[in-house]
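To start, the structure under review is shown below, and the notes come after it.
The values are calculated or read from the model by the stated rules, or taken from the named source; none is laboratory data. The structure presented is a predicted model; accordingly, all values stated were derived computationally and were not measured. Cβ: placed from backbone, ideal geometry, glycine included. Neighbour counts: every protein chain shown. Side chains included, ligands, DNA and RNA excluded: accessible areas come from the protein's heavy atoms. Shrake-Rupley method; radii C 1.70, N 1.55, O 1.52, S 1.80 Å.
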Amino acid sequence: MFWAAIATPLVASPALSAPALSAKEKDPILTSTTPAQPAAPVAEQRPHQTTLHGKTLSDPWHWLRDESYPVIDDKDVLDYVKAENAYFDAAMKPHAALVETLFQEMKGRIKEADSSVPQKDGDWIYWVEYEEGAEYKKWYRRPAAGGDAVLILDEVAMAKDKEYFRLSELSISPNGKLMAYSFDDNGSERFEVRVRDLETGAMLPDVIPGTLSSLVWTAGNDAILYGLANENWRTDNARLHVLGTPLSDDKLLYQEPDIGFGVGIGKTADDKWIVIATGDNETSEVRLLPADNPLAKPVMVSPRQKGREYSVDVREKTLYIHTNDDHANFRVATASLAKPDAWTTLIPGSDSTYITGLAIFRDYFVLETRENGLDQVDLRHYNAPLTAGRIPFPEATYVAGLGDNPEYHQDKLRLDYESMVTPDTVYDYDIATGKLETLKVQEIPSGYDASQYVTELVNIEARDGTMVPTSLVYKKGTPRDGSAPMHLYVYGSYGYRVPPGFSTTRLSLVDRGMIYAIAHVRGGDDLGRAWYLAGKTTQRKNSFNDFVDVAKGLIAQKYTSAGKIAIEGRSAGGQVMGAVYNEAPELWGAVLAGVPFVDVINTMVDETLPLTPGEWPEWGNPVTDKAAFDYMLSYSPYDNVTAKAYPPMLVSAGLNDPRVTYWEPAKWVAKLRATRTNDATLLLRTNMGAGHAGKSGRWSALREDAEEFAFVLTQLGVEK
């Protein structure tokens with residue numbers, strides 16, 4: 001299937017205008033001074049206590065959570081959030097010229113009229129295009145046998161007059177005649193499904209609201225599998241909709257009883273089986289349905305076992321299983337459809353090779369692996385599965401992986417490649433000749449000379465003796481005497497590795513003499529699955545300690561100095577920001593905390609929130625486990641704010657964010673304002689029509705980046 005799932009980033013809308021200052025002055029919740037330069041808003045403290053495991057926690061800013069959530073209509077709450085936005089606008093107004101300069105720099109590095117590399121899928125060739133000046137994409141196809149291009153989806157038209165727009169799923173029927181897609185127009189990740197006849201262009205009457213899943217066609221081209229979000233906005237089901245029938249007739253194919261498990265839907269590479277997978281962050285279970293008979297009794301591959309993860313693909317009558325059941329770095333096993341639970345090792349697990357992915361094709365399979373933090377793409381043939389066929393890449397450090405490969409039989413593999421100094425490159429790898437063909441290199445219209453930049457991978461010793469890899473990029477000639485400012489980025493959760501790839505945006509920092517660094521702390525899977533496990537649950541503090549120790553190590557090696565380091569993390573990476581903001585404020589010259597997960601205790605005890613039950617394996621369950629509660633309480637950024645001098649910080653939030661709810665950053669900022677001993681710049685920017693990742697459209701999102709970098713540069717005194 002062509003693009004059955006689309007990795008379009010969440011985007012958002014312009015903030016609502018803040019109320020006039022005179023109105024705020026009359027509100028007992030807020031205080032401010034002169035209309036010309038308002039003081040920082042001060043949120044009222046209202047008594048609220050929670051007792052758990054014999055400990056009573058005071059939370060006087062609990063009222064910032066609107067009790068009608070996900071509807072947010074409490075006037076007090078909205079007035080406070082708007083006042084913070086007004087304060088952000090006032091604080092940034094003197095830097096408007098710098099923001100505009102940065103925005104134009106960043107925009108100048110992006111090719112406005114651009115398109116993806118076309119790829120064949122069945123009888124059609126598909127691609128996407130950006131037109132000059134457009135915020136959103138257009139989706140095209142043309143017959144593989146020859147013919148004219150046809151516009152099949154116009155995001156520009158769909159997003160017209162909307163504050164926010166995100167295309168989530170686009171799935172073409174097996175016969176290529178129908179297209180199902182889903183979209184969200186407020187950032188809340190509540191998606192609506194529509195279906196279009198691609199031969200006539202007509203919209204079918206079928207509309208499915210409230211989805212949160214992939215869209216998978218049956219072999220008969222007449223029905224779609226999907227999942228609805230439940231009242232807590234989790235997908236706990238798989239349903240079958242037959243085109244042209246009422247939604248009330250849709251069949252429930254699977255219902256997950258465990259509130260911590262989510263349900264996903266997919267298809268095997270040969271399109272013969274539909275996959276219904278359920279799991280949380282550490283356990284999974286897979287069922288298979290024949291694509292030509294989705295109402296058949298599902299084939300259970302293997303019942304769930306706590307702590308065991310596995311995924312499945314099918315070739316002919318053999319299952320290929322990617323699992324961590326006997327090695328943290330995963331193995332590949334096989335089984336027969338007749339005995340799907342009897343697994344035989346095909347590729348054993350290894351301490352040195354972390355198998356991150358498995359892709360099945362008709363004549364070969366591909367392992368995506370990582371060795372010493374470096375990506376590898378390894379092609380294996382079924383008649384010699386243990387014979388490595390590693391695809392060579394031209395640099396010593398890079399990011400590489402499979403690109404868009406929709407067909408079961410492909411003579412060439414589409415690959416994506418980049419490094420911190422090499423722009424995104426699309427290759428085809430010829431299976432027969434073993435040669436790489438360059439199809440496209442990211443074009444930078446304003447100019448870029450890779451020879452003017454240096455990239456390094458350095459290892460910094462953490463306090464427990466562990467060596468933490470750190471990727472660096474900087475301009476040639478940048479001094480190594482401690483005088484250079486630095487921007488240090490982190491994520492460090494869920495086994496997600498921040499790839500040391502290319503970014504045109506960060507060049508606006510690097511070209512001003514800053515060193516850009518990525519700390520590959522424990523909690524990601526940069527050095528294998530064990531690296532991830534060493535940063536979760538009861539070892540979570542390793543992520544924070546690694547980050548602080550990387551900064552100290554870079555200072556010791558004279559890359560930078562204390563107070564010259566800007567730090568950044570988003571979501572779970574924002575939690576790292578909160579923890580190190582409390583632990584080592586003297587090191588940081590500026591902090592960017594994006595949609596930060598900082599109110600850990602209050603969020604993780606509330607199982608009504610969309611993500612909480614499924615997150616317990618990642619963070620621990622403070623409701624039932626006192627030890628987990630005590631450990632979380634010892635690091636939760638919100639709960640550990642104390643009376644001390646804190647460095648400048650810009651915090652961002654999205655009012656409709658279902659992942660990190662808006663009140664977490666709002667409460668955190670309110671508590672910091674009331675508790676800290678200094679008056680360093682502290683800003684909260686809430687996108688009033690947004691979700692988890694900021695504004696919609698490529699230019700709107702880029703302007704947000706420009707604002708954040710302007711904050712960093714002005715706080716560090718690097719404004720040239």
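Might you let me know whether region 302-318 holds any residue that is aliphatic (A, V, I, L, M), touching a Ser or Thr at 6+ places or on another chain (Cβ under 7 Å) and open to solvent by less than 20 Å² (accessible area, probe 1.4 Å)? Step through it out loud before you land on a result.
Within region 302-318, the subset aliphatic (A, V, I, L, M) is 312, 314.
Going one step further and asking which of them are touching a Ser or Thr at 6+ places or on another chain (Cβ under 7 Å), we end up with 314.
Those left that are additionally open to solvent by less than 20 Å² (accessible area, probe 1.4 Å): 314.
Yes, because at least one residue in region 302-318 is aliphatic (A, V, I, L, M), touching a Ser or Thr at 6+ places or on another chain (Cβ under 7 Å) and open to solvent by less than 20 Å² (accessible area, probe 1.4 Å).
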Which condition does residue 263 not pass, out of (1) buried (at least 20 other Cβ atoms within 10 Å of the Cβ); (2) farther than 23 Å from residue 309 by Cα, if it passes all the others?
(2)
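State yes or no: is residue 188 closer than 23 Å to residue 114 by Cα and in contact (Cβ under 8 Å) with a residue 40 or more places away in the chain?
Working: closer than 23 Å to residue 114 by Cα: no; in contact (Cβ under 8 Å) with a residue 40 or more places away in the chain: yes.
So residue 188 does not fit the description; no.
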Quick one: in region 587-598, of everything that is touching a residue at least 60 places away in the same chain (Cβ under 8 Å) and over 21 Å from the mean Cα position of the chain (by Cα), which residue is surrounded by the most Cβ atoms within 10 Å (Cβ to Cβ)?
590
Taking region 240-260 and keeping only residues that are of a type outside the set (Phe, Trp, Tyr), over 16 Å from residue 219 (Cα atoms), crowded, with 16+ Cβ neighbours inside 10 Å and modelled with pLDDT of 95 or more, one is left with 250, 253, 256
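Could you list all residues from region 543-568 that are part of a helix (DSSP H, G or I), crowded, with 19+ Cβ neighbours inside 10 Å and in contact (Cβ under 8 Å) with a residue 40 or more places away in the chain? Write out each step before concluding.
Taking region 543-568 first, the residues part of a helix (DSSP H, G or I) are 543-556.
Now restrict to residues that are crowded, with 19+ Cβ neighbours inside 10 Å: 543-551, 553-554.
Residues satisfying the conditions are 543, 544, 545, 546, 547, 549, 550, 551, 553, 554.
I'd like to verify a number: residues in region 624-656 that are assigned to a helix (DSSP H, G or I), within 17 Å of residue 596 (Cα to Cα) and touching a strand residue (DSSP E or B) at 6+ places or on another chain (Cβ under 8 Å), how many? Please lay out each step first, then the result.
Filtering region 624-656 for residues assigned to a helix (DSSP H, G or I) gives 626-635, 638-640.
Next cut, within 17 Å of residue 596 (Cα to Cα) only: 632-633, 635, 638-640.
Remaining after also requiring touching a strand residue (DSSP E or B) at 6+ places or on another chain (Cβ under 8 Å): 633, 639.
The qualifying residues number 2.
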Pairs, please: C-beta under 6 Å, at least 6 apart or cross-chain, first residue farther than 21 Å from residue 71 by Cα and in region 639-668, second assigned to a strand (DSSP E or B)?
647/588; 648/590; 649/591; 649/682; 650/592; 650/683; 651/593; 651/684
Restricted to region 122-132 and to residues being open to solvent by 40 Å² or more (accessible area, probe 1.4 Å) and assigned to a loop (DSSP other than H, G, I, E, B), the residue nearest to residue 174 (Cα to Cα) is 123
Any idea which of (1) β-branched (Val, Ile, Thr); (2) crowded, with 20+ Cβ neighbours inside 10 Å; (3) over 30 Å from residue 249 (Cα atoms) is the one residue 156 doesn't satisfy?
(2)
Among the residues of region 438-465, count how many are assigned to a loop (DSSP other than H, G, I, E, B), over 28 Å from residue 115 (Cβ atoms) and of a type in the set (A, V, I, L, M, F, W, C).
1
For residues that are out of contact with any Lys or Arg (no Cβ under 6 Å at 6 or more places or on another chain) and open to solvent by 20 Å² or more (accessible area, probe 1.4 Å), tally how many sit in region 513-539.
8
So residue 705 fits all but one of (1) surrounded by fewer than 23 Cβ atoms within 10 Å (Cβ to Cβ); (2) out of contact with any Ser or Thr (no Cβ under 6 Å at 6 or more places or on another chain); what number is the exception?
(2)
(1) within 20 Å of the chain's Cα centre (by Cα); (2) modelled with pLDDT under 95: which one isn't true of residue 575, the others all being true?
(2)
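Only one of 491, 496 is under 24 Å from the mean Cα position of the chain (by Cα), in contact (Cβ under 8 Å) with a residue 24 or more places away in the chain and either surrounded by fewer than 19 Cβ atoms within 10 Å (Cβ to Cβ) or within 30 Å of residue 272 (Cβ to Cβ) (or both); which?
Values: 491 fails: either surrounded by fewer than 19 Cβ atoms within 10 Å (Cβ to Cβ) or within 30 Å of residue 272 (Cβ to Cβ) (or both).
One residue alone meets the criteria, 496.
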Residue 693 is checked against (1) at pLDDT below 95; (2) open to solvent by less than 10 Å² (accessible area, probe 1.4 Å); (3) farther than 16 Å from residue 88 by Cβ and fails just one. What number does that condition carry?
(2)
Test for residue 673: is it in contact with a strand residue (DSSP E or B) (Cβ under 9 Å, 6 or more places away or on another chain), touching a residue at least 60 places away in the same chain (Cβ under 8 Å), farther than 30 Å from residue 51 by Cβ and not in a loop (DSSP other than H, G, I, E, B):
no
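Being hydroxyl-bearing (Ser, Thr, Tyr) and within 19 Å of residue 246 (Cα to Cα) is true for just one of 211, 200. Which residue is that?
Numbers: 200 fails: within 19 Å of residue 246 (Cα to Cα).
Going through 211, 200 in turn, just one is hydroxyl-bearing (Ser, Thr, Tyr) and within 19 Å of residue 246 (Cα to Cα): 211.
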Only one residue in 504, 478 is open to solvent by less than 30 Å² (accessible area, probe 1.4 Å), without any contact (Cβ under 8 Å) to a residue 40 or more places away in the chain and closer than 20 Å to residue 719 by Cα, so which one is that?
478
Which of the residues that make up region 28-59 are at pLDDT 95 or above, β-branched (Val, Ile, Thr) and open to solvent by less than 60 Å² (accessible area, probe 1.4 Å)?
none
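In this structure, is residue 105 touching a residue at least 12 places away in the same chain (Cβ under 8 Å), open to solvent by 50 Å² or more (accessible area, probe 1.4 Å), touching a helix residue (DSSP H, G or I) at 6+ places or on another chain (Cβ under 7 Å) and part of a helix (DSSP H, G or I)? Spell out the reasoning first.
Working: touching a residue at least 12 places away in the same chain (Cβ under 8 Å): yes; open to solvent by 50 Å² or more (accessible area, probe 1.4 Å): yes; touching a helix residue (DSSP H, G or I) at 6+ places or on another chain (Cβ under 7 Å): yes; part of a helix (DSSP H, G or I): yes.
Criteria met by residue 105.
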With the checklist (1) among the charged types (D, E, K, R); (2) closer than 30 Å to residue 612 by Cβ; (3) in a loop (DSSP other than H, G, I, E, B) in hand, flag the one item residue 287 doesn't pass.
(3)
So if I check each of 96, 83, which one is in a helix (DSSP H, G or I) and open to solvent by 30 Å² or more (accessible area, probe 1.4 Å)?
96
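Out of everything in region 599-633 that is among the hydroxyl-bearing types (Ser, Thr, Tyr) and free of Cβ contacts under 8 Å to residues at least 40 places away in the same chain, what residue ends up being most open to solvent (accessible area, probe 1.4 Å)?
At the first step, the residues of region 599-633 found to be among the hydroxyl-bearing types (Ser, Thr, Tyr) are 603, 608, 612, 624, 631.
Among the residues that remain, those that are also free of Cβ contacts under 8 Å to residues at least 40 places away in the same chain are: 612, 624.
Details: 612: 3, 624: 110 Å².
For region 599-633, the residue satisfying everything is 624.
Can you pull out every residue in region 221-247 that is polar (S, T, N, Q) and within 15 Å of residue 276 (Cβ to Cβ)? Before you say what the answer is, go through the steps one by one.
Applying the first criterion (polar (S, T, N, Q)) to region 221-247 yields 221, 230, 232, 235, 237, 245.
If the condition is that a residue be polar (S, T, N, Q) and within 15 Å of residue 276 (Cβ to Cβ), then 235, 237 are the ones that fit.
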Tell me, which residue of region 94-153 that is touching a strand residue (DSSP E or B) at 6+ places or on another chain (Cβ under 8 Å) and of a type in the set (S, T, N, Q) is nearest to residue 405 (Cα to Cα)?
119
